[in-house]
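What follows is one structure encoded as structure tokens, with my remarks underneath.
Taken together, the values in this text are just the output of simple stated rules run on the coordinates, not laboratory data. Quick caveat: nothing in here was measured; it's all calculated off a predicted structure. Neighbour counts run over all protein chains shown; Cβ positions are idealised from the backbone, glycine included.
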Amino acid sequence: MSVQLDENGQLRHFLTTEGLDPALLTRILDTAESFSGVIGKSVKKVPLLRGRTVINLFFESSTRTRTTFELAAKRLSADVLNVSVDTTTTKGESLLDMLRNLQAMQADMFVIRHSQSGAAEYFARHVDPGVAVLNAGDGWHAHPTQAMLDAYTIRQHKGDFEQLRIAIVGDIAHSRVARSQIHAFNGLGAGEIRVVAPNTLLPGDIDSLGVQVYNDLGAGLRDADVVIALRLQRERMQGALLPGEAEYFRHYGLSEARLRSAHPQAIVMHPGPINRGVEIDSSLADGPRSVILEQVTNGIAVRMAVMSLVLGLQPETAREST
Ligand code: CP
């Protein structure tokens, strides 16, 4: 049974983009759009989560996700706690005891990043009714808010997904981002999703994911409207899956020259952090086609949207209560 949806098909937690229907995916994007105006104002706050408590639990490092979740919660007027998980876990406390103690402080929402696939769902299955869990990245499994901020950025630039060719290039095998993107883009009706990688960087279940597989970068980029580079996740690789970074860049690195086969209006994306000169050339990452920093900005509105939806709140409610 899906733990992330309630009996009416509404979000209770946000754990994965897999299996979400187009209407719900679109609702997340539309809700984010309604929040984007808040972010541009001089007073960047709405009172939607006033009096609620959000606890960030990051067991893995993060720059973009942790800070934009914190900013999103603050923009919604929630109280935010960033728990030092090193302190807690080195004293031998189990995840479940930690959760119970934090819940005893009347937390309304947990944002969790963990190296173990399934950690966020484990939390979701053990929280009290009414407490929400948001997955900020679990192992190789999912990074659903990253996928939704990427979808949001694509919709801003390209509109409808139906005609789009989206190429995801690089380390698909170890990427929770790629997996969540594929589910989200398929759910939103993308015309064609391509993955471009050597066979050693493709997951075993790639044939079941609804994508076109390319080993050749030039062919994979041909006429693509959206090109997404992924970081080489060396920390998740066991053994030598690649000959070397220079060799990898020669075959799969994105550069202005390699992008010539893509559509002339193609946008270039990367979830970050970037390894310049490994998966993407600096001139492309910093160039006019890059929307990489827009992705980061959009992360705030998308995370505001997800935080309000899992609590059953809408931006209209915010206007009523001001
Ligand atoms: N894209 C992403 O998850 O970045 P962080 O690791 O900095 O959060």
(message) If each residue of separation counts as 0.36 nm, what is the full-extension length gain between LEU81 and ALA23 once their alpha-carbon separation is subtracted?
(response) 17.7 nm
(request) Would you mind checking the radius of gyration and Dmax of the chain based on alpha-carbon positions, in Å? (result) 19.4, 59
(message) For the chain, take the longest principal axis of its alpha carbons; what is the angle in degrees between that and the long axis of helix 22-40, to the nearest 10 within 0 to 90?
(response) 80 degrees
(request) Mind sorting ARG66, ARG289 by how few other Cβ atoms lie within 10 Å of their own Cβ, fewest first? (result) ARG289, ARG66
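From the square roots a ≥ b ≥ c of the eigenvalues of the alpha-carbon gyration tensor of the stretch 144-296, which class results: rounded (a/c under 1.5), prolate (a/b over b/c), or oblate? Numbers along the way, then the final one.
Working: a/c = 1.45, a/b = 1.17, b/c = 1.23.
Taking the square roots of the gyration eigenvalues as a ≥ b ≥ c, the stretch 144-296 is rounded.
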(request) Treating only the Cβ atoms of Lys and Arg (+1) and Asp and Glu (-1) as charged, compute the dipole magnitude of the stretch 137-233 about its Cα centre; round to the nearest 20 debye. (result) 180 debye
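So how do 20-27, 225-232, 147-154 stack up, highest first, on mean other-Cβ count within 10 Å?
Values: 20-27: 16.0, 225-232: 24.4, 147-154: 26.2.
Packing order, densest peptide first, comes out as 147-154, 225-232, 20-27.
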(request) Can you tell me the dipole magnitude for the chain around its Cα centre, using point charges on the Cβ only (Lys, Arg +1; Asp, Glu -1), in Debye to the nearest 20? (result) 760 debye
(request) Would you kindly derive the ³J(HN,Hα) couplings of the stretch 304-314 from the backbone phi angles with the Karplus curve 6.51 cos²θ - 1.76 cosθ + 1.60 (θ = phi - 60°), listing them in order in whole Hz, with x for Gly and Pro? (result) 4, 4, 5, 4, 6, 5, 5, 9, x, 10, 10
(request) List the pair-distance distribution P(r) of the stretch 1-50, using every Cα-Cα distance, as the percent of pairs falling in each 10 Å bin from 0 up to the bin containing the longest distance, rounded to whole percents. (result) 20, 42, 28, 9, 0
(request) First select every other residue whose beta carbon is under 13 angstrom from the beta carbon of SER255; then total the charges, Lys and Arg +1, Asp and Glu -1. (result) +1
